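In what follows, a single structure is set out as structure tokens and then discussed.
The values are calculated or read from the model by the stated rules, or taken from the named source; none is laboratory data. Predicted model, so just to flag it, every value in this text is computed and none were measured. Glycine gets a Cβ as well: all are built from the backbone with ideal geometry, and neighbour counts include every protein chain shown.
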Amino acid sequence: MKKLSAAQIESALAAVPEWTREDATILRTYQFKDFPAAVQFVNAVAELAESAWHHPDIDIRWNKVTLTLTTHDAGGLTEKDFALAQQFDRLPAVKG
């Protein structure tokens, strides 16, 4: 997968407005009612990531889950990152 240009990244961010760019990554923190709900979300993320063969960094802090995406073998952000971010945002467990 080819690394996106700065202009392409800015355009792609419009489709995932809750995500922010940090250097060569995009990230988002989701908040849930409690720890079990956060873990259920992570399990759903794991299924999507495995199907896409593209895995985010995952940080769980009680009821908050932060996902960070980048395409390591491309050395930055690719279309793959933004496509997976959109899939994560469509998960039914997403509360905000």
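Name the residue that is surrounded by the most Cβ atoms within 10 Å (Cβ to Cβ), counting only residues in the stretch 59-96 that are in contact with a His (Cβ under 9 Å, 6 or more places away or on another chain) and part of a strand (DSSP E or B).
Here the answer is LEU69.
On the given criteria, is GLU10 assigned to a loop (DSSP other than H, G, I, E, B) and touching a strand residue (DSSP E or B) at 6+ places or on another chain (Cβ under 9 Å)?
no
Which ones in the stretch 47-58 are exposed (fewer than 13 other Cβ atoms within 10 Å of the Cβ) and part of a strand (DSSP E or B)?
Once the filter is applied, which keeps residues that are exposed (fewer than 13 other Cβ atoms within 10 Å of the Cβ) and part of a strand (DSSP E or B), the stretch 47-58 yields only ASP57.
If you go through the stretch 56-74, how many residues are at pLDDT 95 or above and either touching a Pro at 6+ places or on another chain (Cβ under 6 Å) or closer than 23 Å to LEU13 by Cβ (or both)?
12
Taking LEU27 as the residue in question, decide whether it is surrounded by 17 or more Cβ atoms within 10 Å (Cβ to Cβ), without any contact (Cβ under 8 Å) to a residue 60 or more places away in the chain and not in a helix (DSSP H, G or I).
Criteria met by LEU27.
Could you check, for the stretch 33-46, whether at least one of its residues is of a type in the set (S, T, N, Q), at pLDDT 95 or above, surrounded by fewer than 13 Cβ atoms within 10 Å (Cβ to Cβ) and part of a helix (DSSP H, G or I)?
Yes.
Take the conditions in contact with an Asp or Glu (Cβ under 8 Å, 6 or more places away or on another chain), surrounded by 18 or more Cβ atoms within 10 Å (Cβ to Cβ) and of a type outside the set (D, E, K, R) and apply them to ILE9. Does it pass?
Criteria not met by ILE9.
Conditions: (1) in contact with a Ser or Thr (Cβ under 8 Å, 6 or more places away or on another chain); (2) hydrophobic (A, V, I, L, M, F, W, C); (3) farther than 14 Å from TRP19 by Cα. LEU77 meets all but one. Number of the miss?
(3)
Scan the stretch 1-30 for residues that are among the polar types (S, T, N, Q) and either out of contact with any Lys or Arg (no Cβ under 6 Å at 6 or more places or on another chain) or over 15 Å from THR68 (Cα atoms) (or both) and jot them down.
Within the stretch 1-30, SER5, GLN8, SER11, THR20, THR25 qualify.
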